[in-house]
Amino acid sequence: MHYCHICETNQSEGMFIYYLYVCDQCQAKMIATDPEDPGYRFFINKLRRMREQPLKS
Amino acid sequence: MKKLWLELRLFYYRLRIKLGLKPKEVYYIGGSSALPPPLTREEEYQLLIKLPNGDKAAKAMLIERNLRLVVYIARKFENTRINIEDLISIGTIGLIKAINTFNIEKKIKLATYASRCIENEILMYLRKTNKLKSEVSFDEPLNIDWDGNELLLSDILGTDEDLIERDIEASVDKKLLHKALDQLSGREKQIMELRFGLVGQEKLTQKDVADLLGISQSYISRLENKIIRRLQKEFEKMI
């Protein structure tokens with residue numbers, strides 16, 4: 001189980017897009033969302049985190 | 001030998017997906033340091049033939065190794081007032097869409113197809129923002145602090161505290177005013193209605209009301225003050 005940075009829940013199926021873990025459902029939603037859709041901005045904001053290296057604890 | 005190296009890299013990606021390991025190398029997209037190097041033609045082909053089987057490691061590697069292309073295309077749109085970070089995010093969505101819909105049987109180069117998808121994604125977004133220039137999204141980040149937390153427009157938006165009571169109070173006030181007006185004489189009531197537009201018409205000046213009723217403006221002024229004081233008393237009685 002990994003923490004999906006898009007839906008912010010633990011999910012078992014997904015993959016890393018650079019530093020960002022994205023679950024399969026969120027990836028499917030992202031692909032189905034067009035720039036005209038109101039929810040598109042949400043994915044843009046979330047993907048900004050792709051470039052951030054998580055802090056090691 | 002190259003194929004073995006690629007299989008080893010893929011194994012590393014699978015391990016990352018399984019164990020949640022983050023990339024060892026530190027790159028910054030949009031920064032001066034280099035991004036993951038692009039794949040060779042052969043490597044790309046080896047990964048692409050794994051895609052139809054749902055190989056997530058191959059997909060992740062294809063996305064990561066094509067991020068340079070995203071940054072390159074995003075930079076071409078830097079003069080569009082859209083933040084470069086946003087352009088890279090939009091381009092990445094375009095790249096993910098490209099990798100998911102790429103068909104190896106169409107004999108087209110992935111870079112050509114992905115470039116078109118990335119550019120399309122950015123152009124569609126630009127078209128939308130041009131249409132909505134005067135509008136602002138609730139999810140628009142206004143600021144980002146040192147920890148990377150975004151302050152969105154929706155975070156600072158609120159409604160007035162009296163939003164619900166305001167209309168109810170106004171309607172009660174109107175009822176009370178009409179009750180108080182009923183206590184006035186016909187002419188007094190008419191003066192107030194004309195001066196303050198109480199029966200749906202425009203407000204008139206003291207001069208207009210004076211001309212209409214054939215009396216002097218100073219008399220209207222005195223009457224008005226007297227009527228307002230009387231109405232205040234009526235109000236106090238009612239409350």
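Of the peptides B:77-87, B:62-72, the order by per-residue mean of other Cβ atoms within 10 Å, starting with the highest, comes out as B:62-72, B:77-87.
Cβ crowding within 10 Å ranks B:SER115, B:SER154 as B:SER154, B:SER115, fewest other Cβ atoms first. Look at the stretch A:14-27: the mean tally of other chain Cβ atoms within 10 Å of its residues' Cβ atoms is 4.
Computed from the Kirkwood radius of its Cα pairs, the Stokes-Einstein diffusion coefficient for the stretch B:95-153 at 4 °C and 1.567 mPa s stands at 91 µm²/s. Applying both filters, DSSP loop and at most 11 other Cβ atoms within 10 Å, to the trypsin sites (Lys or Arg not before Pro) of the stretch B:128-200 gives B:LYS133. Electrostatic bookkeeping for B:PHE77 treats Lys and Arg as +1 and Asp and Glu as -1; over the other residues with beta carbon under 15 Å from its beta carbon, the sum is +1.
In summary, the convex hull built on the alpha carbon positions of chain B has an orientation-averaged projected area of 24.7 nm². Just so you know, the Rg over Rh for the protein assembly as shown is 1.36, from Cα atoms, with Rh as the Kirkwood radius.
Dividing the convex hull volume of the alpha carbon atoms of the stretch B:175-239 by its residue count gives 73 Å³ per residue. Assuming a ≥ b ≥ c are the square roots of the Cα gyration tensor eigenvalues, decide whether the stretch B:25-127 counts as rounded (a/c under 1.5), prolate (otherwise, with a/b larger than b/c) or oblate. Since a/c reaches 1.5 but b/c is at least a/b, the shape of the stretch B:25-127 is classed as oblate. All other residues whose Cβ lies under 14 angstrom from that of B:GLN201 are scored, Lys and Arg at +1 and Asp and Glu at -1, for a net of -1. By other beta-carbon atoms within 10 Å, ranking A:LEU47, B:LEU10, B:LEU123 with the fewest at the front produces B:LEU123, B:LEU10, A:LEU47. Take every pair of alpha-carbon atoms less than 8 Å apart whose residues are at least six positions apart; their mean separation over the length of chain A yields a relative contact order of 30 percent.
Estimated purely from DSSP H runs of n ≥ 4, each contributing -39500 (n - 2.57), the mean residue ellipticity at 222 nm for chain B is -20000 deg cm²/dmol once divided by its residues.
Structural descriptor for the stretch B:120-239: relative contact order 14 percent, calculated from alpha carbon pairs under 8 angstrom and at least 6 residues apart.
Coordinate-derived values only; no laboratory data. Since the model is a prediction, treat every value here as computed from it, not as a measurement. We place every Cβ from the backbone using ideal geometry, glycine too, and count neighbours over all the protein chains shown.
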